[in-house]
Amino acid sequence: MRYSILTFGCQMNQRDSETLAGLLASMGYIRAEKLSDADLVIVNTCCVRESAENRIYGHLGELKNLKNRKPHMVIGVCGCMAQQPGAAEKIRQRAPHVDLIFGTHNLHRLPELLRKLWEKREPVVEIWESDGDVIENLPALREDSLKAWVTIMYGCNNFCTYCIVPYVRGRERSRRPEDIEREVRELVEKGVKEVTLLGQNVNSYGKDLDPPTDFASLLERLDRVEGLLRIRYTTSHPRDFTDRLIDVIAASKKVCENFHLPVQAGSNRILERMNRGYTREYYMELVEKIRAKVPGAAITTDIIVGFPGETEEDFADTMDLVEKVRFDSAFTFVYNKRSGTPAAEMPDQVPAEVKRKRITHLVEVQNRITLEKNLAEVGTVQEVLVEGPAEKHPDKYCGRTGGNKLVFFPPLPDKVGQIVPVRITAAKMWNLEGEPLLADEGEK
Ligand code: SAH
Ligand code: SF4
Ligand code: F3S
């Protein structure tokens, strides 16, 4: 039996799909080369914005055509979209060819759910209302051999007023530091060089554990893992980013100098309505502290425009912050109503054409800044983890800088999995180009 998994949404979902793949492999399934070869297709969904949901329904429509030609094909839908209240009925209605629906809290039950499906020969729906305990030791089939995602905590307690994630991912639950360290050591033994620690808000890591611990201590612990070259993490909330955390990162050997700090808005009024728990002044001071302590820090962000009640003046505050902070790059979003969240009920929704105008302006300005920041790296020497041939430029190799910028350079087959110094020679919007600085031939 062959399977295929289609994954939407954030890294958390991508990591979940690796667990789904691991569970299927342990049942004897093998990965299908092509979607049309699959006997089982699982769609791991996202619902953070409507556009994600629409794309998923589009894919479900295509799968229907496949299933018409191949009636024994089993189609499953899981993840955040399935976890929303009433979602299972909606999916069954819009896509009656779906055989199996499960949520974010019971993905480890996939083998049992498939067995149930074989026995009953009718659709199986199982969504757990609430999150359970963290489950350790589930198998995983990782996508990449050099870089791995490691979930350190599940859920989110922040309830930003626009966001659906806390409703579909449950409350914050941290994994024990020793379990995380064990997983990282096992990965390193298998050849992994870089881990990205995952959580919706990694800086509240460990508060729920007994005894409690914190994210800074976890970083210190993982920094000592021999053979591991790099540690990344995502996402950190600006509110909980402590001075101690900055100091630990500055002193660490392996934690990369990339700070993804979603600001969301530059107006204090809007930040308050979003329930973000910080002001623009606090945020800008945090950025300054980071830049003072971590040379070469790359600061990236997420921004939402058109949040309910956002006036021209509020938007100008966001643009002002963007110009002042000068982010290395930004993910920019148009506010999208998510039903069940407080912002969806706010009366002063911003008209679509105003949102469109604002996002166009924001993207234009940020693109210019991104290019300027990249151009400023030309002539510098960056540490790059060599990954291998670049997908779109087969004559080149690629890798990333500590600041997480993609660099293309001439092939270095002997250096895959190693960090090499690369002199940056050119910069574009989406990537840099460089020349590796290799030791002299005669040198040992
Ligand atoms: N936990 C992470 C990311 C969550 S979702 C964090 O707090 O940073 C990723 C991004 O999607 C968010 O940072 C936000 O910018 C955006 N987003 C979330 N809900 C949204 C909505 N309803 N409309 C538009 N963008 C949204
Ligand atoms: Fe959503 Fe806010 Fe939690 Fe991020 S911190 S997942 S934006 S509620
Ligand atoms: Fe989407 Fe769920 Fe991630 S809603 S962004 S896949 S946590």
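The values are calculated or read from the model by the stated rules, or taken from the named source; none is laboratory data. Since the model is a prediction, treat every value here as computed from it, not as a measurement. Cβ placement follows ideal geometry from the backbone for every residue including glycine, while neighbour counts extend to all protein chains displayed. Side chains are part of the model used for accessible areas, which takes the heavy atoms of the whole protein and leaves out ligands, DNA and RNA. Shrake-Rupley method; radii C 1.70, N 1.55, O 1.52, S 1.80 Å.
Please arrange Arg291, Arg31 by accessible surface area, largest first, computed with a 1.4 Å probe and ligands excluded.
Ranking Arg291, Arg31 by accessible area, largest first, yields Arg31, Arg291.
In terms of overall dimensions, segment 2-126 has a Cα radius of gyration and Dmax of 13.1, 36 angstrom.
If R0 equals 22 Å, the separation of the Cβ atoms of Val134 and Glu112 corresponds to a calculated FRET efficiency of about 0.70.
Summarising the amide proton neighbourhood of Lys193: residues at separation of 5 or more, or on other chains, whose placed amide H is nearer than 5 Å comprise Lys147. Across segment 415-432, rounded Karplus estimates of 3J(HN,Hα) from the backbone phi angles (6.51 cos²θ - 1.76 cosθ + 1.60, θ = phi - 60°) give 10, 4, x, 10, 9, 10, x, 10, 7, 6, 10, 7, 9, 10, 4, 9, 7, 10 Hz, Gly and Pro being marked x. Under 20 Å between alpha carbons, and skipping anything fewer than 8 positions from Lys357 in its own chain: which lysines qualify? Output for Lys357: Lys337.
Taking all protein chains as present, what is the carbon and sulfur share of the accessible area of the chain, in % to the nearest whole number, probe 1.4 Å?
Reported share for carbon and sulfur atoms: 50 percent.
Computed over protein heavy atoms with a 1.4 Å probe, the accessible surface of segment 381-442 works out to 55 Å² per residue. Cross-link partners for Lys253 among the lysines, with Cα-Cα distance under 26 Å and sequence neighbours closer than 8 places in the same chain left out: Lys147, Lys190, Lys193, Lys207, Lys289, Lys293, Lys373, Lys405, Lys415, Lys444.
Computed from phi, the 3J(HN,Hα) profile of segment 242-259 under the Karplus parametrisation 6.51, -1.76, 1.60 (θ = phi - 60°) reads 7, 4, 4, 4, 4, 4, 5, 5, 4, 7, 6, 8, 10, 6, 6, 8, 10, 10 Hz, with x in place of Gly and Pro. Along the axis of the charge dipole computed for the chain (Cβ charges of +1 for Lys and Arg, -1 for Asp and Glu, origin at the Cα centre), the listed residues Phe159, Leu209, Tyr233 are led at the positive end by Phe159. What the phi angles of segment 344-357 give under the Karplus curve with 6.51, -1.76 and 1.60, with θ = phi - 60°, is a coupling list of 5, 8, 5, x, 8, 5, 8, x, 3, 5, 5, 4, 5, 4 Hz, glycine and proline written as x. Within segment 154-184, the trypsin sites (Lys or Arg not before Pro) that combine a DSSP coil assignment with at most 13 other C-beta atoms in a 10 angstrom radius are Arg171.
Within a straight-line Cα-Cα reach of under 12 Å, Lys116 can be paired with the following aspartates and glutamates, leaving aside sequence neighbours fewer than 8 residues apart in one chain: Asp99, Glu126. For segment 356-415, list log₁₀ I(q)/I(0) at each q in 0.12, 0.18, 0.28 Å⁻¹, using the Debye formula over Cα point scatterers of equal strength and ignoring solvent, two decimals each. Normalising to I(0) and taking log10 leaves -0.41, -0.73, -1.10.
Annotation: amide H of Gly399 within the under-5 Å range of Glu387, Val407, sequence separation 5 or more or interchain, hydrogens built in the peptide plane. The ellipsoid equivalent to the alpha-carbon distribution of segment 197-264 has semi-axes of 18, 16, 11 angstrom, derived from the gyration tensor eigenvalues as √(5λ) and listed largest first.
Add -39500 (n - 2.57) for each DSSP H run of 4 or more in the chain, then divide by its residues: what number comes out at 222 nm, to the nearest 500 deg cm²/dmol? Theoretical 222 nm ellipticity from helices: -10500 deg cm²/dmol.
Convex hull volume per residue, computed on the Cα atoms of the chain, equals 158 Å³.
Amide hydrogen proximity for Tyr233: with H placed 1.01 Å from N in the peptide plane, the residues at 5 or more positions away or on another chain lying under 5 Å are Leu197. The mean accessible area for residues of segment 2-126, using a 1.4 Å probe and ignoring ligands and nucleic acids, is 44 Å² per residue. Averaged over its residues, segment 254-294 has an accessible area of 40 Å² per residue, based on protein heavy atoms and a 1.4 Å probe.
Summing +1 for each Lys or Arg and -1 for each Asp or Glu among the other residues whose beta-carbon sits under 13 angstrom from that of Tyr167 gives +1. Ignoring the sites themselves, the chain has its longest run without GluC sites (Glu not before Pro) in a DSSP loop having at most 11 other Cβ atoms within 10 Å at 227-390.
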